[in-house]
Each structure stands twice: as structure tokens, then as C-alpha cells.
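Values quoted throughout were computed directly from the atomic coordinates according to the rules given, and no laboratory measurement underlies them. Remember, it's a predicted structure, so these values are computed and weren't measured experimentally. Reconstructed Cβ throughout: ideal geometry from the backbone, glycine too, with neighbour counts over all protein chains shown.
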Amino acid sequence: MDIRIRRPDTHNDFVIDIAPLVDVLFTLLIFFSLTSSFLHEAGIKISLPEANAATPIEHTRRIEIAVPIEGSLRVNDVEVVLDNLKEFLSAVEPAERSHYLVVVKGDTATAYGRVAAVLDTVKGLGFKNVAVATRSRK
């Protein structure tokens, strides 16, 4: 007598469905990209000079003036010709000017006269808090 014992099928297909995992990863990617903050720089490339005594300044009302090697200035990402800078900054009420911080970002290769003209214009309009942007030496 020939008896054959049949074993149950030991080969099980084990499959992990990764579709929900992909959904969770995309949700996390969107969350982190929307909640992260990015450093905002002016629209023109400025190579700031180095300084040992560079200190960060926090101020709520801020006007940034980028002075490139040549061409128009950028005041808070608005293109302004140097001759029209006084008219542009005159839009700030004279009583409010002491509450603003004006940061002048002059490129290292910019002629000193251009940066001095910007500083003269800003100080002549009565802005009290004026800073020259530099990058710290490492």
C-alpha cells in the first residue's frame, strides 16, 4: 500500500503594499517644504566685504539698499536709479524715519563714491539707524 502524505503549500506570497507609505512621505515632504523658512536676498548678486566686528541686527522696520558694481540700486527688491533714491525714500514719513533701520549692502568691487552717495542721501533724509552690511570672517 502506497500512502502519500501531502504537505500543505509552504510557499506564501508575502506582499507589503507601499502605496500608503508613499502618500505619507509626500504629505511630509509638502508639510516641511511649506513650513520651512528661506533666507531672502536681493535680486542682484552682491559680494559683501568681510569684517571682524560683524554683529547681526534685528529690527522690524527695515529698508535694504543693494549697491551693485554698476547699474541701478535695489531698495527692498525695487529697482531705483541713484538719482531718484532721495525721492523714493521720501515716501517714508519724516516722523517715522527714526524707527527704520536702513541697511546698505555695497559690493566689495563697488566704487566707494557710490556707497558714500547712498549713505549721504540716507543720512540727509533724517534716517538715524543706518548700517553697512558685511559678512563675518571665519
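Database remark: amide H of VAL103 closer than 5 angstrom to the amide H of ILE63, GLU64, ILE65, ALA131 (H placed geometrically; neighbours at sequence offset of 5 or more, or on other chains; Pro and chain starts carry no H). Charges were assigned to the Cβ only: +1 to each Lys and Arg, -1 to each Asp and Glu. The resulting dipole of segment 60-133 about its Cα centre is roughly 300 debye.
In percent, rounded to a whole number, the relative contact order of segment 50-136 is 37, using alpha-carbon pairs under 8 Å and six or more apart. Rounded, prolate or oblate: which one fits segment 50-136, using the alpha carbon gyration tensor with axes a ≥ b ≥ c (rounded when a/c is under 1.5, else prolate when a/b beats b/c, else oblate)? The shape class here is oblate.
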